[in-house]
Each structure stands twice: as structure tokens, then as C-alpha cells.
Amino acid sequence: MRTLFCVSFLLLVSVSLFAQDSSKLELWYKQPAANWNEALPVGNGRLGAMVFGNPVRERIQLNEESLWAGSPVEANADAAAQLPQIRKYLLDDSIQQAMDLAEKTLRSKPMRIRSYQSLGDLFIDYFPDAHARPRLENYVRKLDLETGIASSSYTIEGVRYHSEVFASAPANCIVIRIRTEQPNALHARISLSREQDAMVVPDGEKGLLMKGQILDLPDADAGPDGLHMKFAAKLTAMHSGGSVQSVNNSLYVKGVSELVLYLTAATDYNLLMLDMDPAINPVQRCDEILKSVAAVSYAAIKAAHIADHASFFNRVALKIGSSVARLTPTDERIKKVKAGAEDIDLAVLQFQYGRYLLMGSSRKPGVLPANLQGIWCKDINAPWNSDFHTNINIQMNYWPVESANLSEAFLPLSDFVDLLRKPGRITASKTFGSRGWTVNHLTNPFGRTAIADGVSWGTYPIAGSWLSLHLWEHFLFTRDTAYLREKAWPVMKESAEFMQGFLIRDKQGNWVTAPSTSPENAFKLPNGKVFGLTYGATMDIQIVRALFEACRSASTILKTDKEFARALAAIEKELPPVRVSKRYGIVQEWIHDYEESEPGHRHMSQLFGLYPASQINRKTPELFAAARKTIERRLEYAKGGTGSYTGWSKSWIINFYARLFDGDKAWSNLMDMQRYLTLPNLFDDHPPFQIDGNFGLTAGMTEMLLQSHTDTLQLLPALPSVWPTGSVKGLKARGNLIVDMEWSNGRLVELKLKAASGYAGVVEYGGRTKKIKLKKNEETQWRP
């Protein structure tokens, strides 16, 4: 009888059978993943997989983007009639009374949502020819960012095994290929499993079907219980040599030379409905997808995948110094950095990894935006439900999407925000007594826009305006006027209309938001009481100003809604200014110079105007200086000065210092991320894993190299002293301008610009400026 063996019996690893290439952008390891944070991700926007590379019991954990617990529910508090009294209390500084009334009237029902869920696991149990102590040699596991393929190779008892896994967007499925160099040497049992709510049965002679429906258990604060989302996953096998047979919930593989598995999944979710759709049959959808690949060879499917992947990934190339560190396994590089070493090329890998993850979690054939874990989630009840957090996290997911030249990856978010307008109108009217649309501090695929989690934290109706600004940014980078007219402008205008109805006059005659919060933070009154609810929080005012400015610009470009634009301009003039705290010299977070209850808080919301917006810059020197003091104070009070920050918060600081033109500080904080907040597979550690920090890091590195948020294109504005030599190709600037640069000894030596649209602007480097004007597809070079 054949027996499974344990890797711990004997693990001999040698590099004699493979030569690592220092030019390749790869994560690689000399051992299988011991846990999920060591597994390697592949994704096609709709399907995700975490590949462990285990030669004994391979685990490939699976996700489908729309597999969520819960269901649509109209949860909005009917609070519009009580809102004037809450506002009066806030303006009178009767904050306790305001909070008491808000707790009674602003609470949604239910207050919470349910979670994004894992689809399940694919297990491959290998049955090698029996020996009491089999030998595993020459093991290597890789993720090639340039091809999107996760692979492992190893030798067992003289037989060389090769495995590769990728998530194909053209084929709309996950593909697994296993082969042996010795004929007919592959034996295995393959199974699908899920923790709950599903069953697995044979599907023909060489296939498996997982079929299920989420059963939401009673939880009055998380929405209706009962049977909700239906889902399915199908697996089919093709092979050469030997046999494959489905029995019960497994495939049995015997004497095979090469095995190819195609896996796809589907749910009955309909994006346009923001709901389950009884007309969708998930099993039928899986059948249709697998039928389309059945007549295509593995080689053709792989080639189409690589070509598609490269068409996105290869747009940007970054080199900084030497890449010789790539000859060292990735986990060993991280350990060395954590021990105090400096690995500049690891940052290059992280930069491209962020682009890779965004491609894998936000693109067609997917339809939903990247969530808190992108698309990769191992849990049934995930941390923070792996939801769409709208008080910074989903926005940070998309900070690099334009500048890192992946504009198409923004479209799932754009489409989703557009669809949120419908439920968002109910929230605007019923809870806040305004026209237009809004959403509060989180949402889900069912269009949740009501206040969630808690009144103090969850009351964040500015989120809709912040999300609307991302659609404006997409236009600024692409100059797609049709997109602006048909998609962005309706969203932006209706968001601005909400703000027109939501703003009130304070006692100084300024227009302010009320109620208002500074995300997840709180202030302390002289009597020692701590509150989060206020009016006119600094971030709110900065977002309103940015939205109104964007709407006025869009109105001019589109030659429409002139009176509306003039009305916004009048309100803009009477928004309160961003203030500097007289006590600490920092940018004031609230309308009053309150004492901070947590000076080292992870959110730095009052610096929205520095990044991602552009209101705090060199032309506002007092605020520019105060922004630096704000960051320094946050870091000073953070536990240990580095380690207490969440990954996403630390990546935000990288962007801040880039905007302050301080490359060395930006690099120092990037190293902090590597040392304290990076997992073995380079996932960002919140902790636990949260993907926004990966994207924030990529955005920060683009800001260090190129900035286009003001009236000039700034080249190498925050180049660290430890990056003296390097090059970058394919970054995108606002104006749809593609930028290539090379630098040596800390100085720019060559610049190449290509206008994907017509472009006119000013380029700045080293205190020098140069006006340029380019026609569509015209290129120019400049050697400073």
C-alpha cells in the first residue's frame, strides 16, 4: 500500500539543478509554504488562488470575487428630521447631547455587514512509489511577476517534478499543470473542499463539481439569516499517459506523465442589480467557461495568458542599482532586512508586486473592485469582513492605478461607484435630508451605503465625494473626454449636489459638514471626555474643496452646467480654511484646536490635502511646514516610533514624504515597512494581511520618481541618496503623458516623454523648468 510522506522526514535542497536569474522579477524560495502568508498569489480579477507548492499535500486556496455572505438590505436610519437638532448641538459645542441623540437616531438596522468568503481549497495528495524515507531534493518555488505563473520544481527519489499555476484572464479559469520528467511517474488524489455550505460530487469521468449556497446564521446586527448566495466550482482534468478517474469527491491519478487541471467558479451575483440574480445558474456558467477551453491546447492557453499579462505588466520597468540580491531567496532577503541590512532591489520587487496584485484583483473578467485583501482571502469570516472600506482603504488600493500605468484596472471601481448612486440616494435623502448620493465608511457588493459599525466611526458621508474624485483623476490621467462626460461627470455632479444640501453654516458663517468625523480618530475635551463626532473636520473640508474644484473644471471642459459651477465656486469661497494648531504647529485635524486623544493614531486624515490631494504644497509654505510637523508628531507618539503603524498607514507616510520632497525620509519609512510590516510572501501586514499597504507602497515609489499633481511635471522630486543610479520606463503623468527617465550619480541624465494625447505643460527638474508641447503620439527627449 502506498503511503503519503512528510517533508520533515528529509529535506535536501540544492541549487545544482537550477540557476537563478538576477534579471528576473521573481519571488522565490527553497521550501514549500508553511502557512497562508508564505503562499504565492495568482489572480485574473475574478478568480484568485494562493499556491503553497507542497510536494506532499499541495494546497491551492481559492477565491471568486463575488462570493459574499449576506444580502441586500435597506438599513438606513430615518434620521433626516432629527438631523437639525444634532447639528445644533454640535455647533453649540454640546457634543455629549449631540452624541446621545445621534446614537438614538443615526443607527442603521442592521449596523454591520457579513463577510467576503473563501471559495475553498484544491488539495493534491501525491502518492510516490513507496520508500520508508523518500528523499526530496533540489526544491525551488517561484512566482514570476512577468508571466503571472507560480511554479515549483523538485526531485523525489530521482524523479523530477514540475508544477505551474496561473489564473488566465482570456480563458477565465485557473490552470494547473503538473508533469514529471520520467514517464508515467505521477500518482495523486485530487480533491475539492470547503469548510461549510457546499458539497462535492463527480462531474463526468474526469471532473469534480462543487455546488453550494451560503447559509447565513441568525445575527440581527448583521442582516437577514437564511439561504442566500449560490455558487459553484468545476474542475476538469486532461492528461497524457496513465489514467484519471473521478470517485466520490476526488480524482484519482495513476501513472500519468503530464496532468493539466482547469478550474473555474461562479456565483449568482449580478453587478448591475447589486444582488443575487435567480436567472443566473452558477453551474451552467462554469460549464460554459470550461467548454470554451476544452478544444484549446495547454500551450495555446498558456501563451495567451502570458501575452495578456505582459500587455499590462510590461508597461513599466524600474531598475535601481544592482539586482544581484535576487540570487538570494525572497524570505532570506526579508530576514536580512529585518536584521538591519539594506536591500534596495527588494523595494523594486515590492513596487512591481503592487502592480501585479492590482492587475490580479481588479480587471476583466472581474467586475468588482479590489477589497481589503484584493481578491485573496482564506476565511469564511474575514478580518473586517474583507470589505470595501471607504474611509481610506479602497481609495488607497487605487492610488497607483494611474501613475503605475494600469488605468484599465480602475474601471471595476469606476463602474461600482456609479452603481452605488442608486442606494446612495436613499441614504442621502432618508438619513441626511439631502439630494444627490453618498456612502458612509464601508460598502459591500450589495450596495451598502448606510452608516455601519458604529455611529461615531461609521458616520462618514464624505466617502462618496472622495470616491468621486477618483473618477476625476482617471480623466486627468487618460484625458478621455467621453469617459468624463458619460461616466465621471454624472457621479461627480450628483455627489456635489449631495454636499450642497448637506453643508450648513457655522457660527462664523462658513459652510461646514455636520455631523462629521475624522476617520476612526477622536479628540479630547478639557473635561477629559473623548468624542469622535464633530462638525467641519479638516479632511471633510479638503475633500469638499477638491470635489467642487474638480466639478468646476469638468464643467468648463464639457461646456455644461455653468450655473451649477458658479454655485459651487460661491460655496468654496466660504469654506473654512485649513488651520495650523497654535499648540503644536501641526495641521489641525478638527474645526477647533482640540487635544488629541491618540497623538500617534494610524490615520492622518488632516493631511489629505498633502496626499492624495494637492492643496498643501510649496505654494502654501505654512501648511507645508505644518504637514511635516504633523507626521513627525504622529511618529513620535507611535509605539516604538515604527512598529505600531499599520502597513497601510506606513505606506501613506511614504507618499507624504515624497510630496514633501524628502526622499531619504520616504526611503526610511519604506524600510520600516520591509522590517516590521512585510510578510514572507511580500504581502502587507496590517496585521493581519491587508492589501492596501502593498498598493500604497507602489504609489509612494511613483511619487518619489514623478509628480504631476501641480501645474508642473516634477522629475525625480524625492530621489533618496541611496538610489544614485537607476532608470524607469512607462510611468504615467496627468495629461496622459508616458515618462521614461534615467539617472546617474543622483542626477537626471535622460528624459523621454510620449504624449498619448496632446500635451502642453511645464517640466521641472533641479530648479530648472522647460515648457513642452506635444501632439498626440509625439515624443521628445531631454538631456538636462
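If you check A266 against the conditions, is it part of a strand (DSSP E or B), aliphatic (A, V, I, L, M) and either closer than 25 Å to R114 by Cβ or touching a Phe, Trp or Tyr at 6+ places or on another chain (Cβ under 9 Å) (or both)? Criteria met by A266.
For the range 186-228, filtering for residues that are part of a strand (DSSP E or B) and among the acidic types (D, E) leaves 1. Report yes if some residue within the range 481-503 is open to solvent by 10 Å² or more (accessible area, probe 1.4 Å) and of a type in the set (F, W, Y); otherwise report no. The answer is yes; a qualifying residue exists. Of the residues in the range 570-592, at least one is touching a strand residue (DSSP E or B) at 6+ places or on another chain (Cβ under 6 Å), open to solvent by less than 50 Å² (accessible area, probe 1.4 Å), in a helix (DSSP H, G or I) and modelled with pLDDT of 95 or more. It is to be established whether one or more residues within the range 69-89 are modelled with pLDDT of 95 or more, touching a strand residue (DSSP E or B) at 6+ places or on another chain (Cβ under 6 Å) and either closer than 23 Å to E146 by Cα or crowded, with 21+ Cβ neighbours inside 10 Å (or both). The answer is yes, given that some residue of the range 69-89 is modelled with pLDDT of 95 or more, touching a strand residue (DSSP E or B) at 6+ places or on another chain (Cβ under 6 Å) and either closer than 23 Å to E146 by Cα or crowded, with 21+ Cβ neighbours inside 10 Å (or both). Consider the range 740-755 and keep the residues that are free of Cβ contacts under 8 Å to residues at least 24 places away in the same chain and more than 31 Å from the chain's Cα centre (by Cα). The one that is most open to solvent (accessible area, probe 1.4 Å) is N745. Which of the residues that make up the range 512-530 are under 30 Å from the mean Cα position of the chain (by Cα) and either open to solvent by 10 Å² or more (accessible area, probe 1.4 Å) or of a type in the set (S, T, N, Q) (or both)? T513, S516, T517, S518, E520, N521, A522 - these are the residues of the range 512-530 that are under 30 Å from the mean Cα position of the chain (by Cα) and either open to solvent by 10 Å² or more (accessible area, probe 1.4 Å) or of a type in the set (S, T, N, Q) (or both). Total residues in the range 756-771 satisfying the condition of being open to solvent by less than 30 Å² (accessible area, probe 1.4 Å), under 14 Å from S708 (Cα atoms) and not aromatic (F, W, Y): the figure is 2.
Here G509 clears all of (1) over 25 Å from L106 (Cα atoms); (2) surrounded by fewer than 24 Cβ atoms within 10 Å (Cβ to Cβ); (3) in contact with a helix residue (DSSP H, G or I) (Cβ under 7 Å, 6 or more places away or on another chain); (4) not charged (D, E, K, R) except the condition numbered (3).
Do we have D664 as open to solvent by less than 10 Å² (accessible area, probe 1.4 Å) and of a type in the set (D, E, K, R) here? Judged against the criteria, D664 is not a match. Out of all the residues in the range 533-556, is one or more under 24 Å from the mean Cα position of the chain (by Cα), open to solvent by less than 10 Å² (accessible area, probe 1.4 Å), charged (D, E, K, R) and closer than 28 Å to I113 by Cα? So far as the range 533-556 goes, yes, one or more of its residues are under 24 Å from the mean Cα position of the chain (by Cα), open to solvent by less than 10 Å² (accessible area, probe 1.4 Å), charged (D, E, K, R) and closer than 28 Å to I113 by Cα.
Once the range 670-723 is narrowed to residues that are farther than 22 Å from Q395 by Cα and β-branched (V, I, T), the residue that is most open to solvent (accessible area, probe 1.4 Å) is V722. Taking the condition surrounded by 24 or more Cβ atoms within 10 Å (Cβ to Cβ) and not polar (S, T, N, Q), does P41 pass? Spelling it out, P41 is indeed surrounded by 24 or more Cβ atoms within 10 Å (Cβ to Cβ) and not polar (S, T, N, Q).
Residues are listed down the side, and each one gets a yes or a no for (1) closer than 29 Å to G120 by Cα; (2) charged (D, E, K, R); (3) crowded, with 20+ Cβ neighbours inside 10 Å:
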site	(1), (2), (3)
T267	yes, no, yes
L272	yes, no, no
D277	yes, yes, no
R285	yes, yes, no
S297	yes, no, no
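Tell me, please, whether a residue that is open to solvent by less than 10 Å² (accessible area, probe 1.4 Å), of a type outside the set (S, T, Y), out of contact with any Lys or Arg (no Cβ under 6 Å at 6 or more places or on another chain) and assigned to a helix (DSSP H, G or I) can be found in the range 360-377. Among the residues of the range 360-377, at least one is open to solvent by less than 10 Å² (accessible area, probe 1.4 Å), of a type outside the set (S, T, Y), out of contact with any Lys or Arg (no Cβ under 6 Å at 6 or more places or on another chain) and assigned to a helix (DSSP H, G or I), which makes the answer yes. Would you please name the residue that is farthest from the chain's Cα centre (by Cα), looking only at residues in the range 593-618 that are open to solvent by less than 40 Å² (accessible area, probe 1.4 Å), under 25 Å from N527 (Cβ atoms) and not polar (S, T, N, Q)? Only one residue tops the list, namely Y594. Counting only helices (runs of 4 or more DSSP H) wholly contained in the range 392-470, the ones carrying 2 or more residues that are within 19 Å of the chain's Cα centre (by Cα) occupy 393-397, 411-430. So, of the residues in the range 619-647 that are under 17 Å from H686 (Cα atoms) and loosely packed, with under 15 Cβ neighbours inside 10 Å, which turns out to be modelled with the highest pLDDT? Only one residue tops the list, namely K639. The residue that is nearest to G663 (Cα to Cα), among those in the range 744-784 that are at pLDDT below 95 and in contact with a Pro (Cβ under 8 Å, 6 or more places away or on another chain), is G766. Among the residues of the range 212-241, those that are of a type outside the set (A, V, I, L, M, F, W, C) and open to solvent by 50 Å² or more (accessible area, probe 1.4 Å) comprise Q213, P218, D219, D221, P224, D225, K230, H239, S240. Restricting the search to the range 718-739, which residues are assigned to a loop (DSSP other than H, G, I, E, B), under 16 Å from L318 (Cβ atoms) and under 26 Å from the mean Cα position of the chain (by Cα)? Residues satisfying the conditions are A718, L719, P720. Based on this model, can you work out whether R659 counts as touching a residue at least 40 places away in the same chain (Cβ under 8 Å) and out of contact with any strand residue (DSSP E or B) (no Cβ under 8 Å at 6 or more places or on another chain)? For R659, the condition - touching a residue at least 40 places away in the same chain (Cβ under 8 Å) and out of contact with any strand residue (DSSP E or B) (no Cβ under 8 Å at 6 or more places or on another chain) - is not met. Residue pairs whose Cβ atoms lie under 8 Å apart, sitting 6 or more positions apart in sequence or on different chains, and linking a residue in the range 612-632 that is closer than 19 Å to H601 by Cβ to a partner that is hydroxyl-bearing (S, T, Y) and open to solvent by 50 Å² or more (accessible area, probe 1.4 Å), are K629/Y584. Restricting the search to the range 293-323, which residues are out of contact with any strand residue (DSSP E or B) (no Cβ under 9 Å at 6 or more places or on another chain) and at pLDDT below 95? Across the range 293-323, the qualifying residues are A295, S322, S323.
Selection over the range 520-569 of residues that are without any contact (Cβ under 8 Å) to a residue 60 or more places away in the chain, closer than 17 Å to P490 by Cα and outside any helix (DSSP H, G or I) gives a count of 1.
Only one entry in V324, V316, V348 is surrounded by fewer than 19 Cβ atoms within 10 Å (Cβ to Cβ), aliphatic (A, V, I, L, M) and under 26 Å from G746 (Cβ atoms), namely V324. Remark: pairs (first residue in the range 139-165, without any contact (Cβ under 8 Å) to a residue 60 or more places away in the chain and among the acidic types (D, E); second residue open to solvent by 10 Å² or more (accessible area, probe 1.4 Å) and outside any strand (DSSP E or B); Cβ separation under 7 Å; 6+ apart in sequence or on different chains) = E157/P128; E157/D129; E157/H131; E157/R135.
The values are calculated or read from the model by the stated rules, or taken from the named source; none is laboratory data. Just so you know, these numbers come straight off a predicted model, no measurement behind them. Every residue, glycine among them, receives a Cβ derived from its backbone with ideal geometry; neighbour counts consider all protein chains shown. Only protein heavy atoms, including side chains, enter the accessible area calculation; ligands, DNA and RNA are left aside. Shrake-Rupley method; radii C 1.70, N 1.55, O 1.52, S 1.80 Å.
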